[in-house]
Amino acid sequence: GENVEQHPSTLSVQEGDSAVIKCTYSDSASNYFPWYKQELGKGPQLIIDIRSNVGEKKDQRIAVTLNKTAKHFSLHITETQPEDSAVYFCAASSNYQLIWGAGTKLIIKP
Amino acid sequence: DVKVTQSSRYLVKRTGEKVFLECVQDMDHENMFWYRQDPGLGLRLIYFSYDVKMKEKGDIPEGYSVSREKKERFSLILESASTNQTSMYLCASSSAVHYGYTFGSGTRLTVV
């Protein structure tokens, strides 16, 4: 079955700098790759997703890139702000069941 | 605004009690999921349902059961609560067409 690995587990960046979180997946049939943000005390919230027929997608300060050949995808956050501090999860799927990465705690230093 | 509503934010139960966690979605989603989240262990799938009255075991179903009598409601049942079931429980739903999940705010359950 599918396996998703996420790195790093913790990422600390200076406010205003960029942050990159990487995930790899094992099942070549996976075709949907979402990213979720979980703030303290809340449920995860979808922030951006990409399908396998697209290599990159942007939404303001966040972007996701997908390399199907290497089976990895990444979340890029530019001009980080204090409100970006959260735990971020990647996931992969070929059907309705998402397979999750372990999460990355992003810390934004003032 | 579309929503997944979990009936309780915080719950304290005694060991051996039967516990019901309720989840309701207003998006007419076909798929519903129950996860538990513990520090350092990420999101672990307990049960899911892809249709009314249908249920499938996830990765950690032991000690739990579920019920889906109506499309909008998915209940998680702890038949006899134990202290190792103290955790954050998250409900999610998704449509059959778009795989993105919408999560509820979670129920933090403490079993004493």
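The values are calculated or read from the model by the stated rules, or taken from the named source; none is laboratory data. All figures in this text were calculated on a predicted structure; none of them were measured in a lab. Methodologically, a virtual Cβ is constructed for each residue, glycine included, from the backbone with ideal geometry; neighbour enumeration extends over all protein chains shown.
Would you check if residue A:24 is more than 13 Å from chain B (Cβ to nearest Cβ), in a strand (DSSP E or B), under 22 Å from residue B:59 (Cα atoms) and in contact with an Asp or Glu (Cβ under 9 Å, 6 or more places away or on another chain)?
The answer is yes for residue A:24.
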Taking only region B:58-78 into account, find how many residues are among the basic types (Lys, Arg) and either more than 19 Å from residue B:95 (Cα to Cα) or loosely packed, with under 14 Cβ neighbours inside 10 Å (or both). 1
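Do the conditions hold for residue B:106, that is, is it modelled with pLDDT under 95 and within 12 Å of another protein chain (Cβ to nearest Cβ)?
Judged against the criteria, residue B:106 is not a match.
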State the number of residues belonging to region B:15-50 that are without any contact (Cβ under 8 Å) to a residue 60 or more places away in the chain, within 11 Å of chain A (Cβ to nearest Cβ) and farther than 19 Å from residue B:83 by Cβ. 7
Within region A:47-58, is even one residue outside any strand (DSSP E or B), surrounded by fewer than 18 Cβ atoms within 10 Å (Cβ to Cβ), in contact (Cβ under 8 Å) with a residue 12 or more places away in the chain and touching a Pro at 6+ places or on another chain (Cβ under 6 Å)? no
Could you list, in sequence order, the residues of region A:66-84 that are touching an Asp or Glu at 6+ places or on another chain (Cβ under 8 Å) and buried (at least 18 other Cβ atoms within 10 Å of the Cβ)? A:66, A:77, A:80
What strands (runs of 3 or more DSSP E), lying completely within region B:24-112, carry at least 3 residues that are closer than 20 Å to residue B:3 by Cβ and among the small types (Gly, Ala, Ser)? B:87-94
Does any residue of region B:87-97 turn out to be in contact with a Gly (Cβ under 9 Å, 6 or more places away or on another chain), free of Cβ contacts under 8 Å to residues at least 12 places away in the same chain and small (Gly, Ala, Ser)? no
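Conditions (1) in contact with a Lys or Arg (Cβ under 7 Å, 6 or more places away or on another chain); (2) assigned to a strand (DSSP E or B); (3) among the β-branched types (Val, Ile, Thr); (4) under 30 Å from residue B:50 (Cβ atoms), marked per residue:
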site: A:12; (1), (2), (3), (4): yes, yes, no, no
site: A:17; (1), (2), (3), (4): no, no, no, no
site: A:33; (1), (2), (3), (4): no, yes, no, yes
site: A:63; (1), (2), (3), (4): yes, yes, no, no
site: A:69; (1), (2), (3), (4): no, no, yes, no
site: A:75; (1), (2), (3), (4): no, yes, no, yes
site: A:90; (1), (2), (3), (4): no, yes, no, yes
